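Worksheet: the structure to be examined is printed underneath.
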Amino acid sequence: MKKKKKIALHWQILIAITAAVFYGISFPNLYTINIKTFEKIVKEKSQNKIPEETLIKLEELIDNQPVSKSEFTKIIQFKSSDDLSESQIQYILEQSKYNHEIGYIYWMGILFLKALKMIIIPLIIMSIISGIANIGSAGNLGRIGLKTIIYYLTTSTLAILTGLIFVNILKPGVGIDKSYSNSYEIPEQPSHTLFDTLLNIIPENIVQAFYNNEMLSIIFFTILFGFFITKTNSKSRIILTDFFNAGFDVMMKITMFLILFTPLGVFGLVAKAVADQAGELMKFLGILGMYTLTVLAGLLIHSAVILPLMLKFIAKVSPWAHFKAMRSALLTAFSTSSSGATLSLTMESVEYNSGVSNKISGFTLPLGATVNMDGTALYEAVATLFIAQAYGFNLGITEQIIVVITGLLASIGAAGIPMAGLFMITIILTAVDLPIAGVALILPVDRILDMFRTSVNVWGDSCGAVIVAKSEGEKLKV
Ligand code: ASP
């Protein structure tokens, strides 16, 4: 019997993304109030400080025809005599969102994302411990660790410099109309400083660190655990190494099973993102087009020129073959905007397609997903300079050096989750004395840029694994 030819996974994902864009555009969000949402708003009225007057007006709107976001916003503002704040409007909009068609499919995205998140911690534990136990000696571990860290710092710095060159030449912020940003809430500053983040790498309570998803602490503890396995007597060492190797095998099997659902999950996630953003995004791409282009151009040069040159000349592998090996993981990074959620696919692609050993990828990739973010680093630099230009500040060479250093730290500190980079910008803005309110300027296009920078983050991690593996004399498939 002739074997049925299967469409390759990356094509399936690409088809899913394209279909999702059409689906999302065909079914944009509409807004209306029904009795249930009205009751919810009434119940929560005190915590959101919704004025009585507005409630009366909202009651009149119950079961009206669903309308577009701008129309609905106009209606609720017009109908209420009190001036509603932006956060109150956002709250009412969120409650009145009406999109059955997205509802039919979004659950697939939710389940997929949950499953990816579910396996992050066990995957990190098993992969790091088995990787380190297989590395064997302290000398080997030190050497591989050092190479990895040098690669991370070098590429992130190169990414920032690329971003700075583009933003200084193109000057996307000069003379832009900032008025739209007044209607946005400024995101809160991260509650702890970068120094706290460093201190918190050593957890007081490891169970709590697992519970709170504190990746750096989890990685620190698992590295320690893996390392001291190599110091135990031979019986314990064999039992534990076998145990974690076996555990890692299981995690990779689960990963491969979950990957089968990627096209469905991606379809749900992207369709929802498009339905939520489509109208708004077009409006803001008009104003922020030059800024968006500057970020994208920087990301393109870093990922399609600088990193491939490193692959070619340092690792002596084919960048194109490695890119092909990574396609599914990169598309998943794009769709989820989360390097953490993509980690399982990144590992699968780097090991099975590019041929990097578990010893290297098990150690470098979980670390990379948490601390190595070239795309984010580049974006932080461009965004900071863009805000400076928009406010008419001229950042000199000293300030730009501060941007490089704080940008690097911010990218290390940013978690591998959606929009983490946006919140880190406040740290850089503070360091160079720019108004934090400037973040509101770049907010409207952050979601879309997040998709691109996350793909670059994952690409950077995967190139690092290949370069370190090659330098250790591994024979790869690329
Ligand atoms: N979403 C990015 C990531 O997960 C982080 C960021 O917001 O820049 O890699």
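The values are calculated or read from the model by the stated rules, or taken from the named source; none is laboratory data. Since the model is a prediction, treat every value here as computed from it, not as a measurement. We place every Cβ from the backbone using ideal geometry, glycine too, and count neighbours over all the protein chains shown. The area values use the complete protein model at the heavy-atom level, side chains included, leaving out ligands, DNA and RNA. Shrake-Rupley method; radii C 1.70, N 1.55, O 1.52, S 1.80 Å.
Which percent of the accessible area of the chain is formed by carbon and sulfur heavy atoms (probe 1.4 angstrom)?
Carbon plus sulfur share of accessible area: 65 percent.
Probe of 1.4 angstrom, ligands and nucleic acids ignored: what's the accessible area per residue over the chain, in square angstrom?
It amounts to 47 Å² per residue over the chain.
Could you state the orientation-averaged shadow area of the convex hull built on the Cα atoms of segment 4-46, in nm² to one decimal?
5.9 nm²
Summarise the long-distance tail of P(r) for the chain by giving the % of C-alpha pairs beyond 30 Å.
Result: 51 percent of Cα pairs exceed 30 Å.
Would you be so kind as to identify all helices of the chain, as entire DSSP H runs, whose Cα atoms reach 30 Å or more along the helix's own axis and whose mean Kyte-Doolittle hydropathy is at least -1.0?
Those that clear 30 Å and a mean of -1.0 are 100-135, 138-170, 234-259, 262-301, 446-471.
What whole number of Å gives the distance from the Cα centroid of segment 288-332 to the Cα centroid of segment 207-224?
About 30 Å separates the Cα centre of segment 207-224 from the one of segment 288-332.
Relative to the present Cα-Cα distance, how much length would full extension add between Ser318 and Ser87 at 0.36 nm per residue of separation?
78.2 nm
Please compute the contact order of the chain in relative form: average sequence separation of alpha-carbon pairs under 8 Å and at least six residues apart, divided by the residue count, as a percent.
After rounding, I find 25 percent.
Would you tally the net charge around Tyr31, using a Cβ to Cβ cut-off of less than 9 Å, leaving Tyr31 out, and scoring K and R as +1, D and E as -1?
Net of charged neighbours comes to +1.
Using a 10 Å cut-off on Cβ atoms, rank the peptides 20-28, 159-167 from the highest mean neighbour count down.
Averaged packing, sorted descending, gives the order 159-167, 20-28.
Using helices alone, what [θ] at 222 nm do you get for the chain, with -39,500 (n - 2.57) per DSSP H run of 4 or more residues, divided over all residues and rounded to the nearest 500?
Calculated at 222 nm, the ellipticity per residue is -24000 deg cm²/dmol.
Sorted by average packing, counted as other Cβ atoms within 10 angstrom per residue and highest first, what order do 384-394, 465-475, 451-461 take?
Ranking the peptides 384-394, 465-475, 451-461 by packing returns 451-461, 384-394, 465-475.
Can you list residues whose amide H is under 5 Å from Ile33's amide H, if they're 5+ apart or on another chain and H is modeled 1.01 Å from N?
Under 5 Å from the amide H of Ile33: Asp63, Asn64.
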